Amino acid sequence: MRTAAVMPVKSFGRAKQRLGDAVGQPVRGELAAAMVGDVLDALRAVPGIAEIVVVTADRRAAAAAREAGANLVDDPVEAGQSEAAGRGVRAAAARGAERVLLVPGDCPSLDPGEVGAVLDAFPAAGVVIVPDRHGSGTNALLLTPPDVIEPAFGTGSFARHAARGAGAGAVVRVAHAPSLELDVDTPGDLAALRDALAAVPAVAPRTRALLERLAPAAVG
């Protein structure tokens, strides 16, 4: 089954504002760029992914996507993650994707083996939700076929995606992939990421280098 990974990427200058004073600008933009680069590298290492689609208006993100061999979809309005995700899903489906995996650009500890295991575990049609570490959000969404539901990210998206799947008559499943559950929106998320990277020293080199610059010896 041809699978495309779709990654919406907000312009780096607008990214990660919820980190507040914990990470000021322009470092927030640098952090967003580093995480996107690490996620792209991880996705390229997943054998079950035939194509990566990056939806963005940011020139640096577009350059990183091209360097990684991803296909680009312009997001000129930047109306939000759900709208960008929908753009990417439609583009991937038009190029022959039979299912799509929506992934965020801020899970730099992403483990290709865990992603591959999710793809292998759920080959049939339906909606598969990978929650965030709090259990209320959606950090990854596997849709088979791509148009089985419209993505609806944001606060409370786990319940919203489950309801949309049920309303569409689709089988709804929950998958757990610890490395996918570590997105970075708040200072607490950033602290959790630091702990995760300290335990797995071989992953996320760009993000690791930036965090080390911010707080030496905080990540191993």
Give the carbon-plus-sulfur fraction of the accessible surface of region 1-128 in %, rounded to a whole number; probe 1.4 Å, heavy atoms of protein chains only. 49
Rounded to 0.05, the calculated FRET efficiency for the beta carbons of Ala209 and Glu98 at R₀ = 35 Å is 0.40
Region 168-213, accessible surface, carbon-and-sulfur percent (1.4 angstrom probe): 61
The chain: DSSP helices with Cα axial extent of at least 27 Å and average Kyte-Doolittle hydropathy no lower than 0.5: none
Taking a probe of 1.4 Å and leaving out DNA, RNA and ligands, the chain shows per residue an accessible area in Å² of 42
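The values are calculated or read from the model by the stated rules, or taken from the named source; none is laboratory data. Computed from a predicted structure; not experimentally measured. Using ideal geometry, Cβ is built from the backbone for each residue, glycine included, and neighbour counts are taken over all protein chains shown. These area figures cover heavy atoms from the full protein model, side chains too; ligands, DNA and RNA do not enter into them. Shrake-Rupley method; radii C 1.70, N 1.55, O 1.52, S 1.80 Å.
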